[in-house]
């Protein structure tokens with residue numbers, strides 16, 4: 001199918017405000033297109049590692065959008081929270097936020113990211129990276145206060161926290177890249193965008 005000259009070279013196959021803000025702040029020209037991929041079905045059928053699951057989800061999103069915009073580079077992304085082999089999904093309610101934080105309370109977990117760039121329905125670049133975080137031992141009083149003060153924006157964040165906000169108070173320590181925790185390993189992505197001349201080298 002044809003493509004308008006107004007369509008940029010890079011498309012983010014996501015409506016994530018965090019990823020969009022990171023790319024905009026870095027000065028990257030792009031547009032966003034939702035992929036409408038059924039993540040639940042992919043997760044149910046997957047039997048491999050968390051890293052391969054992330055890549056599979058990112059790949060599905062990128063390919064779904066690439067079929068509509070074959071002349072653009074399409075970036076598919078996904079982030080999975082893994083705690084002792086248990087995969088966490090995004091909470092559906094504030095009660096779910098509390099449940100997830102109680103499960104993570106005092107434990108380490110990993111935020112695993114998968115990135116795939118597709119052009120013409122062919123994979124051009126894949127990347128995975130993870131960060132390890134440990135939630136400190138949270139009191140019931142803190143959890144009550146935290147839940148009371150957060151808003152529905154946290155329903156889009158697996159684990160029920162955003163590190164760039166009040167969620168920073170949840171942690172004992174963090175081992176990993178800040179951008180990776182926010183859902184987009186930015187520096188390796190920017191390096192590839194320079195390589196394919198979307199950014200000036």
- Note on the structure: Restricting the stretch 96-142 to residues that are within 20 Å of residue 83 (Cα to Cα), free of Cβ contacts under 8 Å to residues at least 60 places away in the same chain and assigned to a helix (DSSP H, G or I), the one nearest to the chain's Cα centre (by Cα) turns out to be 104
- Among (1) at pLDDT 95 or above; (2) within 17 Å of the chain's Cα centre (by Cα); (3) outside any helix (DSSP H, G or I); (4) surrounded by fewer than 16 Cβ atoms within 10 Å (Cβ to Cβ) - the single one residue 78 does not satisfy: (4)
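Does at least one position in the stretch 183-190 carry a residue that is free of Cβ contacts under 8 Å to residues at least 40 places away in the same chain, out of contact with any strand residue (DSSP E or B) (no Cβ under 9 Å at 6 or more places or on another chain) and either closer than 21 Å to residue 51 by Cα or surrounded by fewer than 17 Cβ atoms within 10 Å (Cβ to Cβ) (or both)?
The answer is yes; a qualifying residue exists.
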- Task: Hey, can you tell me all the residues within the stretch 144-166 that are more than 15 Å from the chain's Cα centre (by Cα) and buried (at least 19 other Cβ atoms within 10 Å of the Cβ)?
- Result: 146, 150
- Query: Is it the case that residue 57 is under 15 Å from residue 115 (Cβ atoms), buried (at least 16 other Cβ atoms within 10 Å of the Cβ) and modelled with pLDDT of 95 or more?
  - Reply: yes
- Does residue 93 satisfy the condition of being farther than 30 Å from residue 10 by Cβ, surrounded by fewer than 20 Cβ atoms within 10 Å (Cβ to Cβ), in contact (Cβ under 8 Å) with a residue 24 or more places away in the chain and touching a helix residue (DSSP H, G or I) at 6+ places or on another chain (Cβ under 8 Å)? yes
- Go through the stretch 19-54 and give me each residue that's at pLDDT 95 or above and surrounded by fewer than 11 Cβ atoms within 10 Å (Cβ to Cβ). 25, 27
- Message: Among (1) touching a strand residue (DSSP E or B) at 6+ places or on another chain (Cβ under 8 Å); (2) assigned to a helix (DSSP H, G or I); (3) closer than 20 Å to residue 20 by Cα, there is one condition residue 153 misses while meeting the rest; what is its number?
- Response: (1)
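The values are calculated or read from the model by the stated rules, or taken from the named source; none is laboratory data. Not measured: the values here are computed from a predicted model. As a convention, Cβ positions derive from the backbone with ideal geometry for all residues, glycine included, and neighbour counts pool all protein chains shown.
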